[in-house]
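The values are calculated or read from the model by the stated rules, or taken from the named source; none is laboratory data. Computed from a prediction, not measured in an experiment: that's the story for all the values here. Glycine gets a Cβ as well: all are built from the backbone with ideal geometry, and neighbour counts include every protein chain shown.
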Amino acid sequence: MLEIKNVHKTFFAGTVNERVALQEINLTLGEGEFVTVIGSNGAGKSTILNITSGKLRPDTGSVVIDGQDVTRLADFQRAKYIGRVFQDPMAGTSPEMTIEQNMAIAFERGKRRGLAPGVTRKKRDFFREELKSLELGLENRLKAKVGLLSGGQRQALSLLMATFSSPNILLLDEHTAALDPQRAALVSRLTAEVVQRHHLTTLMVTHNMEQALQLGTRLIMMHEGRIILDLDQAQKSRMTVPDLLHEFEKIKGAAVDDRTMLQ
Amino acid sequence: MIVAVELGLIYAVMALGVYLTFRILNFPDLTVDGSFTTGAAVAAVGIINGVPPLVATLAAFAAGMAAGWVTGILHTKGKINGLLAGILTMIALYSINLRIMGKANLPLLRQDTLLTPLRDAGLLGSAVGILVFAIIALAIKLVIDWFLHTDLGLSLQATGDNEQMIRSFGVSTDRTKILGLALSNGLVALCGAMIAQYQGFADIGMGIGLILAGLASVIIGQAIFGSRIIFVATLAVVLGSVLYRVVIQLALQAGLNPNDMKLISAVLVIIALVLPQLKVFRKVQGLSKMKKSLMAPSEPAGAKV
């Protein structure tokens, strides 16, 4: 379970470039809830993700994972609770290391690392089984360097590495945006499968409205650092992309009106 | 020539240390010039004061680790550029080394060292000498191979390869960098201790320019013998170190002045770094990868696809 409470974040505070990224964000993800986040550029989607992962700290407010306040923990300290897949397919894996070594690193997520062998026969068998679920034939290439894989393969592997050790929270940062349509569809499908299989509490940022409607159990839309629309599964299933766009224009217009009124 | 091979095998320990920072951590660490002399100084002072040679040599390793730790702290906690952090420690060590030694040159004449049994038996400069030093170098190489494949070692490798990734799996990259620098400089100091015992003195200037010998060994060795897997990569470093000493020896025999050796080392490294950029050599596998941590990036790293 993830709770983001009263989070406020301003970039470059006190300068001419001051920009409010998040204001008064309250968001609670129940156990196993899969939330997709959409919004235009600068709406604060990525900031929410980065605040959850610990890459950024909120100015005020707190982040709580399964009852544990993690607001003050650095990104690597929170990794115990969080699996992440980045937008850049190159970001989630180590190219000079083999597939099995990458998986061995992921397998130890958040644990204390000592002098035990990283890859053992038992782990290798487990990795092979896990890789089969990707249906990319990677189970036969355990000793291949990850740098030799295509972007789609690397992203599928990143997804597996982020999830197979069952994190409390899964964060997906536009993780299909850099892939060609075919590969993006594959990674989308794998995402749905893996989230269901491990019953993962998931926060996914995307630019793709269709994907946001198709995946997940809840959808939120952000604009200028606020959550302006929050749809549960039933409401979401009735929505189409034009509906969403229409809704966005309507709320955006209202928000502008509010502000003019206040001034 | 046998002496050159022996020296190459001893200096291989230093080259393995440089390999850890330069290739594994992707961090060009200049602490080496200082920590090598620190190792020699600690071992020499220890031996002169009656400490058992083995203990003195291990103390040198510990002193080197401390030096690497300082560079690591400066770089990670002090947020000082890696090259500068190394230079700062190296310069500071010059004074510290003089303090340890008390004077600029410490002879080990008539002292019992680790190498006394070999020397007394007249085996230095013979095939047996080469065998002994080869066993030492290969043993250390195998320990490094083993270490890099442990959970901790894998996280060290990933730190040099993709920092964002390894942090997302819960590893403090500050800690792995400090650990890598400490281990690396420990090995360099260990090498300094052995060289001091081999040549029979410690000298304040013995580490000057040594980083180039280390880099040359790593670059030349891996360009010729490959670096596809760690086992091969570390073996290539050992062989590269031997090759480097042999080349230096040949240059000396050809009539070059010993004082020109630093210039020759520098030219060797420059050639190894620049050659792969020429079209003819682009295809030579291995060479092009070598330069990644020493060259200015030609394209923005981590560019969005």
Filter result for B:A40 (without any contact (Cβ under 8 Å) to a residue 60 or more places away in the chain, among the small types (G, A, S) and in contact with a helix residue (DSSP H, G or I) (Cβ under 6 Å, 6 or more places away or on another chain)): no
Total residues in segment B:23-55, condition under 10 Å from B:A193 (Cα atoms) and either charged (D, E, K, R) or buried (at least 24 other Cβ atoms within 10 Å of the Cβ) (or both): 9
Segment A:6-23, residues that are in a strand (DSSP E or B) and among the β-branched types (V, I, T): A:V7, A:T10, A:V20
Residue list for segment B:97-117, restricted to those being under 18 Å from B:A63 (Cβ atoms) and surrounded by 11 or more Cβ atoms within 10 Å (Cβ to Cβ): B:N97, B:L98, B:I100, B:M101, B:L106, B:L108, B:T113, B:L114
Enumeration of residues in segment A:1-48 that are among the hydroxyl-bearing types (S, T, Y) and touching a residue at least 24 places away in the same chain (Cβ under 8 Å): A:T10, A:T28, A:T36, A:S40, A:S46, A:T47
Test: residue in segment B:210-226 that is within 14 Å of chain A (Cβ to nearest Cβ), over 17 Å from the mean Cα position of the chain (by Cα) and farther than 30 Å from B:N259 by Cα: yes
Any chance A:L2 is within 28 Å of A:V241 (Cβ to Cβ), over 17 Å from the mean Cα position of the chain (by Cα) and surrounded by 21 or more Cβ atoms within 10 Å (Cβ to Cβ): no
Subset of segment A:23-48 (residues that are at pLDDT 95 or above and touching a helix residue (DSSP H, G or I) at 6+ places or on another chain (Cβ under 6 Å)): A:F34, A:T36, A:V37
Of all residues making up segment A:224-236, the number that are exposed (fewer than 12 other Cβ atoms within 10 Å of the Cβ) and either touching a Phe, Trp or Tyr at 6+ places or on another chain (Cβ under 9 Å) or farther than 22 Å from A:S46 by Cα (or both): 1
Whichever residue in segment B:84-95 is free of Cβ contacts under 8 Å to residues at least 60 places away in the same chain and hydrophobic (A, V, I, L, M, F, W, C) and, among such residues, is surrounded by the most Cβ atoms within 10 Å (Cβ to Cβ): B:A85
Matching residues, segment A:216-237, being under 14 Å from A:F34 (Cα atoms) and acidic (D, E): A:D230, A:D232
Those residues of segment B:208-245 which are assigned to a helix (DSSP H, G or I), at pLDDT below 95 and more than 30 Å from B:Y94 (Cβ to Cβ), in sequence order: B:Q222, B:A223, B:I224, B:F225
Selected residue (criterion: surrounded by the most Cβ atoms within 10 Å (Cβ to Cβ)) from residues of segment A:182-211 that are free of Cβ contacts under 8 Å to residues at least 60 places away in the same chain and within 14 Å of chain B (Cβ to nearest Cβ): A:V187
Verdict on B:L273 being surrounded by 15 or more Cβ atoms within 10 Å (Cβ to Cβ), under 30 Å from B:G153 (Cα atoms) and modelled with pLDDT under 85: yes
Test result for B:G50, outside any helix (DSSP H, G or I) and closer than 12 Å to B:T113 by Cα: yes
Unmet requirement for B:V143, which otherwise passes all of (1) in contact with a strand residue (DSSP E or B) (Cβ under 7 Å, 6 or more places away or on another chain); (2) surrounded by fewer than 19 Cβ atoms within 10 Å (Cβ to Cβ): (1)
Wholly enclosed helices (runs of 4 or more DSSP H) of segment B:99-171 bearing at least 3 residues within 14 Å of another protein chain (Cβ to nearest Cβ): B:127-148, B:151-161, B:163-168
Complete set of residues in segment B:192-204 that are in contact with a helix residue (DSSP H, G or I) (Cβ under 8 Å, 6 or more places away or on another chain) and of a type in the set (G, A, S): B:G192, B:A193, B:A196, B:A202
Per-region count, segment B:48-101, residues among the aromatic types (F, W, Y) and in contact with a His (Cβ under 7 Å, 6 or more places away or on another chain): 0
